[in-house]
Structures are given as structure tokens and as C-alpha cells.
1. Once a ≥ b ≥ c are taken as the square roots of the eigenvalues of the Cα gyration tensor of the range 208-294, is the result rounded (a/c under 1.5), prolate (a/b larger than b/c) or oblate (a/b not larger than b/c)?
2. State whether the range 115-175 is rounded, prolate or oblate according to the following rule on the C-alpha gyration tensor (a ≥ b ≥ c being the square roots of its eigenvalues): a/c under 1.5 gives rounded; otherwise a/b larger than b/c gives prolate, and the remaining case gives oblate.
3. Counting Lys and Arg as +1 and Asp and Glu as -1, what is the net charge of the other residues whose Cβ lies under 10 Å from the Cβ of Pro53?
4. Suppose we keep just the DSSP beta bridges with both residues in the chain; what percent of those would be antiparallel, to 5?
5. Round to the nearest 10 and report in Å² the accessible area of Phe175, as given by a 1.4 Å probe over the protein chains' heavy atoms.
6. Classify the range 92-291 as rounded, prolate or oblate, taking a ≥ b ≥ c as the square roots of the eigenvalues of its Cα gyration tensor: rounded when a/c is under 1.5, otherwise prolate if a/b is larger than b/c and oblate if not.
7. Taking the Cα centre as origin and putting +1 on Lys and Arg beta-carbons and -1 on Asp and Glu beta-carbons, what dipole magnitude results for the range 62-191, to the nearest 20 debye?
8. Against the longest alpha carbon principal axis of the chain, how many degrees, from 0 to 90 and to the nearest 10, is the axis of helix 27-43 turned?
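The values are calculated or read from the model by the stated rules, or taken from the named source; none is laboratory data. Keep in mind it's a predicted model, so treat the numbers as computed, not measured. Cβ placement follows ideal geometry from the backbone for every residue including glycine, while neighbour counts extend to all protein chains displayed. All accessible areas refer to the heavy atoms of the entire protein, side chains included, with ligands and DNA or RNA removed. Shrake-Rupley method; radii C 1.70, N 1.55, O 1.52, S 1.80 Å.
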Amino acid sequence: MLALAETRFSFVGDEYIYAEISREMSVSTSFKALAVTRELHARTIPGIIDICPANASYLIRYNPDIVSPYDLLDYLKEIDLTKSRPEALNLTSRIVEIPTWYNDPTTREYAQRFKNRNESPHFSDFELVMKSRGFMDEQAFIDDHASTPYLLTMMGFILGTAWEFPLLLPSDGVFDIPKYKSPRTETPRQAIGMGGAFTVVYPVASSGSYQLIGITPVPVYHPEQRLAEFKDSMFLARPGDIWVHRPIGETEYYSIFTQVENGIYRYRTKNFDFSPEQYAQEGKAYIDSMMKGF
């Protein structure tokens, strides 16, 4: 069942209103943040400069010379209230496939280089994640990760970074992958990491503290915009997307990499009307139905 707490609003400086739906991350709070911010985009309210959904909150930037902060706050409260019913959280989503070479040589090399920054230096990043998730077999972990769809709850940290939250949680509800004690100074572009409950694809080479489990040949940040999916934006991710990781090997990795370089790769996608209420009621059966034919 979806449980939606009352949102707490705060003024932040002279140009921001912060809305905290919950202090704890959950799928239901993400659905509400997405529903409210999408409604705000649709209404195109004069004076609103930026609308930023997050995992359990959202932030609004506004121009106080155009809209009164108190009038805007009343307006936000009214919209927020209408999105407190489970049936009001439905969203049109897009399922996107991310080809993933798990436990690849590049991320293994980086894990080895920075092992002393990890809490368990005698394990590789991949091994640490696998054991943290209770798996003793590499393929069993890969199958589990790849069979789980991930909801994009927010974007941030590095341009184009999307935070993927699992739509299928373990039976005990615990999903807490430890991060590095001290961040790596380098992470390869398009590496895939896990930390806490989240999976991320690093859009560019950068620092990072998530455990590296693989790499993808497809960009999530593409400033050249030569691939069709980047026609309207340099970023692949859209809050509310659902990403699915498909295991690939070395041969397919380099085949897709070449297609990307030649500007001919097409992402596998599917549009889907997501019902959080049905998802809460049916769980895995609903996810299986959503993924049918994909």
C-alpha cells in the first residue's frame, strides 16, 4: 500500500522553496515528487525558473519580482495535496535498456587501483557488492541485477547522472551497498556503480565513491547529440524513466561501441503508463506485466 506523508515546505533564501515529502527514501515518495513536479511543468506558472525533483523531496526556484513567495507556496500546497492520492500518481514513463558488461576488465582495474580507499580492500568492488547482496555466485548476482527495473528518481552530482532506485526490493527490504571510505579520484566514463540502494552510470570520467560493477558502451551524456535519442537534450535520462540493464559480453560491447561512434546506435525503449497504485498492490506481478514483450 502506498503511504504518503504530509509534505513540509520551507523557504530557502529569497528564491527557493524546498518541499520535503519524507526524510526516508521510498518508491512512494519518489512517485509523489515526480507527479507534483510534472504537474508544475505542465502548468507553466509565471515566475518559476526551475523545478527539481529528488528522491524524497523537490525544490522550486522562482523569481520573487514576478511571483510572491507566499502566493507560490499556497499554490504549491494546493498541487501537492492533489497528488497525495495514489490514483493521482500515475505517470507516462519510458523503459530504456542499458547494455551492461558486468565485471569488465576496466572497472576491475580501477577497483584494484583504489582498493585501499574501500572498506574491504581484499575484495574487488564487484565481489563486495555481490557478497553485500548475499550472492556467492557471480552469474546469480548479474541475473538479479539485470532482472530488476530501476526508477530514475532524480538527477544530480555530475551532469547527466541519474539515480536508479530498484522497483523490486529484497524480501527483507534491505538494500544498502557500502560506499568507498574515501572517494576514488578517477572513475572511467560510463562505468556503472552501486551505493546504498542506488545504481548509477557515470556520465563522464570523474571522482566517485560507488562500488564499480560494470561498464556500458552507450552514453548517458552526449554533447555531440549525433544519436537520435539525444536530439532534444544532451542527457539520456528523464526523471520517471525506468532503466533496465541487459548483460552483454566483450564482443557485443565493442560492436555497440562502434555503432555509437558511427552515430547509428538506437536505444531499445518502450513507452509505458505506470500505475503506482497497481504496482503497490501487485508488486512483482505488475513489473512482470510491464516488462512483457520488452
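1. prolate
2. On the way: a/c = 2.11, a/b = 1.18, b/c = 1.79.
It comes out oblate by the Cα gyration axes.
3. On the way: positive: Lys32, Arg38; negative: none.
Here the count lands on +2.
4. Rounded to the nearest five, the antiparallel share is 90 percent.
5. Its accessible surface works out to 20 Å², give or take rounding.
6. Here the range 92-291 falls in the oblate category.
7. Approximately 460 debye in magnitude.
8. It works out to around 60 degrees.
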